[in-house]
Amino acid sequence: MNFMSLAEKLVLFKCYLLLFVCFMATANADEQSKRWSIKGFGSFGVTGSDTDRIGFLRNRTQTKAVDNNWGVTTDSRLGVQLDVDISDSLHTTVQWIARDHAGDFFEQNLEWAFLSWRPRDDINIRIGRLGLDTFLLSDYREVGYAYVWMRPPHEFYANIPLSHFDGIDFAQKFVIDDSFLTLKLQAGYSYSQMHTGLGLFSIKAPIAGLNIVYETGDWRLRAGYSYMHFLSDVPSQELVDAVNNPALAPVYPGVSDLSAALTLEGTDLHFMSVGGAYDDGIWLGQAEASYMETDNAYVVDAASAYFSFGRRISEFTVYGLYGLSFSFNDRVNIPAPSVLAPPLLGLQKGLNQVLNFNSIDQQSFSLGVRWDFYTNIAFKAQWTHFWFGDRGAALWTQDEPGNIPSQVNLWSLGVDFVF
Amino acid sequence: MMKTIIKYLFAFLLPIFAVRAEIVVITNIDNPVTVMTKTEIQSIFMGRKRAFANGLKAVAFDFSKEREPFYSLLTHRSIQQIDAYWARIIFSGQGMPPVKLPSAQLILSAVQKNQGAIAYINRRSIGDSRVRVLLSLE
């Protein structure tokens, strides 16, 4: 039997509370102005690669990877969204997505449940569970129908474990002639679960962010900054206890210094990004760049970027996509213990694995086609060729760091739809 | 001489052909807004603006049968591109698309009922209905 911990119960309770508030607000709506809709989106895709040494994940919150055994969970999902206008200025939105996500299936997949208040046409204040708005695709990365690729660029989007938080955001839109400048401030608390080499990691972190979007004609440009402070730790307790064991000091000097490197709690993460998208109806282009900085050794500093071009030819869109991501950590070489006993060598190996597990050194080029063959359904096919540097496959599942291929091909076919 | 006659004949006939494809953007007769640019109309139908220049809340309606020519004239984009755009707006919680109405009668009555209504229709379908034409798209 798996009993829920108090913390898990609290999380679920908060979840029900969010939904309850949204539904109560809706139930009290003035019948006259009430307008509601249920809409949805989904994707069904099959994905496979030409290696069995590392497994492909769409992002680090997924639990099931695909390799040369093709799978459907990577690029398949189904989302439903309920929207209700309570009055002219009040609105609720609830969105839930069935997808492969680490941790609690119901809670982690409740993407949004918020109450939105628009006191004026140019101001929007939202409270509840909200999307974390830190990049161009942040709020709709699961909605395949809204973009041309099979999935958001892997180098850029796979490393971001958070997609929602509970809190508040404030957006103000400025109209400048025929252009729009939107400033958005976000603050709240995130509870997001992801898999790590050590097991399930439940991220608990207050977060804050600032986002600026400028839309003019065929262009959409944005810049953003997000901050988070970790209040929880990766499941490294066993290792921390092991290196701190006083009996170890004489036979393995200096090993206790590593406990700080295994601790995430109390550290900060800063995330900066800029991006732009162009679409004139025929040609489309999009590029983003980001830099992630942390003050812990476990989540490493990393830079990522991608750019993509596409051309529409009647109902077909052909595109190319290049992405790269690399981390700035040096290889950690754990010195050998002074007594070469098997348990100590085992600990050395374990520490080496854990501390060298998070390196990213990856580039990829993709070619693909989107075919809008029927109203609200698009077919997609994409080929991606990945290159890896030494140890650089942290965005993939790996049995042993270091045992990674230098190149991998990945193919995928799928349909995206909205209803 | 013959050439001139043909030229005049065409000059008279061309508008007749043009009328067939003419889509007009209409609003309620009591809406103080009498004229709008293509870009302003685009902003409202694409959900970027929710009000007219005078502050009146805008309620846009889509006419299912004329969506394709309307968006092609207004934005130079196909209906698939418009739907993909709305997928992004809807599922990023930024707004809802115009309500789709299936007939010209429903479009006209919706526009006559609501002072802030804005819709589009083939000019021929207006008949003697009291609506204000804001812009003609050809």
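Brief remarks on what is shown
- Measuring between alpha carbons in the structure, the pairs from A:Lys173/B:Lys49; A:Lys39/A:Lys184; A:Lys39/B:Lys57 lying more than 20 angstrom apart are A:Lys39/A:Lys184; A:Lys39/B:Lys57.
- Averaging 1/r over every pair of different alpha carbons in chain A and inverting the result gives a Kirkwood radius of 23.0 Å.
- GNM top mover of A:Phe379, A:Phe165, A:Phe13 - chain A, alpha-carbon springs below 10 Å: A:Phe13
- Comparing A:Asp257, A:Asp372, A:Asp399 in a Gaussian network model of chain A where C-alpha atoms under 10 Å apart are linked, the largest mean-square fluctuation is found at A:Asp257.
- Helix A:342-355 axis, angle to chain A major axis (alpha carbon atoms, nearest 10°): 30 degrees
- Surface calculation, 1.4 Å probe, protein heavy atoms: A:Val339 sits at approximately 70 Å² accessible.
- Based on DSSP H segments of at least four residues, each scored -39500 (n - 2.57), the protein assembly as shown has a per-residue ellipticity at 222 nm of -6000 deg cm²/dmol.
- Whether the stretch B:58-125 is rounded, prolate or oblate, judged on the alpha carbon gyration tensor where a/c under 1.5 counts as rounded: oblate
- For the stretch A:298-419: rounded, prolate or oblate by the Cα gyration tensor [a/c cutoff 1.5]: prolate
- Filtered trypsin sites (Lys or Arg not before Pro), the stretch A:281-343: DSSP coil and at most 13 other beta carbons within 10 Å: A:Arg331
- Where both bridge residues fall in the stretch B:22-137, DSSP classifies roughly 70% of the beta bridges as antiparallel.
- Those chymotrypsin sites (Phe, Trp or Tyr not before Pro) in the stretch A:303-357 that DSSP places in a loop and that have at most 14 other beta carbons within 10 Å: A:Phe328
- Exposure here means at most 16 other Cβ atoms within 10 Å; with GluC sites (Glu not before Pro) in a DSSP loop as sites, the longest stretch of chain A lacking them is A:32-264.
- Residue of A:Arg77, A:Arg35, A:Arg220 that the Gaussian network model of chain A assigns the largest fluctuation, springs spanning Cα pairs under 10 Å: A:Arg35
- Tilt relative to chain A, helix A:6-27 - C-alpha long axis, 0 to 90 degrees, to 10: 0 degrees
The values are calculated or read from the model by the stated rules, or taken from the named source; none is laboratory data. Computed from a prediction, not measured in an experiment: that's the story for all the values here. We place every Cβ from the backbone using ideal geometry, glycine too, and count neighbours over all the protein chains shown. Heavy atoms of the whole protein, side chains included, go into the accessibility calculation; ligands, DNA and RNA do not. Shrake-Rupley method; radii C 1.70, N 1.55, O 1.52, S 1.80 Å.
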